[in-house]
Amino acid sequence: MTGELSPIDKAKFVAARRAADFVEDGMRVGLGTGSTAAWLVRCLGEMVREDGLKFKGVPTSTRTAELARDQGIEVVSLDEARWLDLTIDGADEFDGDLNLIKGGGGALLQEKIVATASDRMVVIADVGKQVETLGAFPLPVEIVPFGWSATQALIEETLVSMDVLGRDATLRMNGEAPFVTDEGNFILDLHLHRIGNPRQMALVLNQMPGVVENGLFIDICDTVVIGYGDGRVELRDINEGTIAHDRLDFVESENLFTDLSD
Ligand SMILES: O=C[C@H](O)[C@H](O)[C@H](O)COP(=O)(O)O
């Protein structure tokens, strides 16, 4: 069964499985969105059902909320939890300073609010998400629908003077209609290729009237769990660098892996 899954899926799985061990009884935990975070939610569901793990999960999207409930996880809102011990989420890119691009799945706004309300953010990612400089992945920016093309024009104009290689901002579509986020907004994907100064970019974007939030997560992530297709995982901490190398035994975890991928 494991042989039918791609190395990238295995890498996502092992990162998620390793990070699930950070969750302890009684914690309030932010649950990310995306394919890697979905592995995490399934792993945690298994731990709730099989091992009696007890924690409250705060989802970062309606789809994560649905999956978490299906898995038997107790789901509460951020307003009920107020403050979280931990958030575990995926990323589209991470750099050497553990700064991130997120929002490929359109959930960046709730993800940033939840991660910022947490004592610790752990990112789970396959090694292909690691980059020297952020920006090859188009940067998602959540904008209000009103006057969206004026916001698009303002962003493109502003990018001309910044340390980026591209300036196209394309409206994300869902078939024939604009993609709409859980908060009822649109997404512009900025094709920058290289973001020389992510901190400055994040500040400049968030100062524009139509912009709600951008997908740059600066100084938010504390730890990255990097998964490899052969089962290896590396834990990298913002202060201490690499803190552990592990390997998940696919033979031992094959049942879990098989059950979860159904
Ligand atoms: O909006 C989506 C999120 O930021 C995801 O965490 C990110 O796009 C990574 O997703 P995936 O794990 O599917 O690559």
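The values are calculated or read from the model by the stated rules, or taken from the named source; none is laboratory data. What you see is a predicted model; the values in this text were computed from it and never measured. All Cβ positions, even for glycine, are placed from backbone atoms using ideal geometry, and neighbour counts span all protein chains on display.
Provide a single number: the residues in region 159-188 that are modelled with pLDDT of 95 or more and not acidic (Asp, Glu).
17
Do we find that Glu46 is within 16 Å of the ligand (Cβ to nearest atom) and either touching a Phe, Trp or Tyr at 6+ places or on another chain (Cβ under 7 Å) or of a type in the set (Asp, Glu) (or both) in this structure?
It is false that Glu46 is within 16 Å of the ligand (Cβ to nearest atom) and either touching a Phe, Trp or Tyr at 6+ places or on another chain (Cβ under 7 Å) or of a type in the set (Asp, Glu) (or both).
What is the one condition in (1) within 11 Å of the ligand (Cβ to nearest atom); (2) surrounded by fewer than 16 Cβ atoms within 10 Å (Cβ to Cβ) that Glu80 does not satisfy?
(1)
Return the total of residues in region 89-111 being of a type in the set (A, V, I, L, M, F, W, C), more than 10 Å from the ligand (Cβ to nearest atom) and touching a Leu at 6+ places or on another chain (Cβ under 6 Å).
1
Among residues belonging to region 146-162 that are in a loop (DSSP other than H, G, I, E, B) and loosely packed, with under 13 Cβ neighbours inside 10 Å, point out the one that is nearest to the chain's Cα centre (by Cα). Steps first, answer last, please.
Residues of region 146-162 that are in a loop (DSSP other than H, G, I, E, B), as a first pass: 146-147, 160-162.
Retained after the next criterion (residues that are loosely packed, with under 13 Cβ neighbours inside 10 Å): 146, 160-161.
On the way: Phe146: 27, Val160: 28, Ser161: 29 Å.
Selected residue: Phe146.
Out of all the residues in region 200-225, which are outside any strand (DSSP E or B) and either touching a residue at least 40 places away in the same chain (Cβ under 8 Å) or in contact with a helix residue (DSSP H, G or I) (Cβ under 9 Å, 6 or more places away or on another chain) (or both)?
Met201, Val204, Leu205, Met208, Pro209, Gly210, Gly215, Ile218, Asp219, Ile220, Cys221, Asp222
Would you confirm whether or not region 27-40 contains a residue that is of a type in the set (D, E, K, R), more than 16 Å from the ligand (Cβ to nearest atom) and surrounded by fewer than 21 Cβ atoms within 10 Å (Cβ to Cβ)?
no
Scanning for something closer than 22 Å to Val41 by Cβ, free of Cβ contacts under 8 Å to residues at least 40 places away in the same chain and surrounded by fewer than 16 Cβ atoms within 10 Å (Cβ to Cβ), does region 119-142 turn up at least one residue?
yes
Give the residues of region 229-251 that are within 16 Å of the ligand (Cβ to nearest atom) and buried (at least 19 other Cβ atoms within 10 Å of the Cβ), sorted by residue number.
Val233
Tell me which residues, restricted to region 49-66, are away from the ligand (no atom under 16 Å from the Cβ) and either crowded, with 22+ Cβ neighbours inside 10 Å or on the phi < 0 side of the Ramachandran plot (or both).
Arg49, Glu50, Asp51, Leu53, Lys54, Phe55, Lys56
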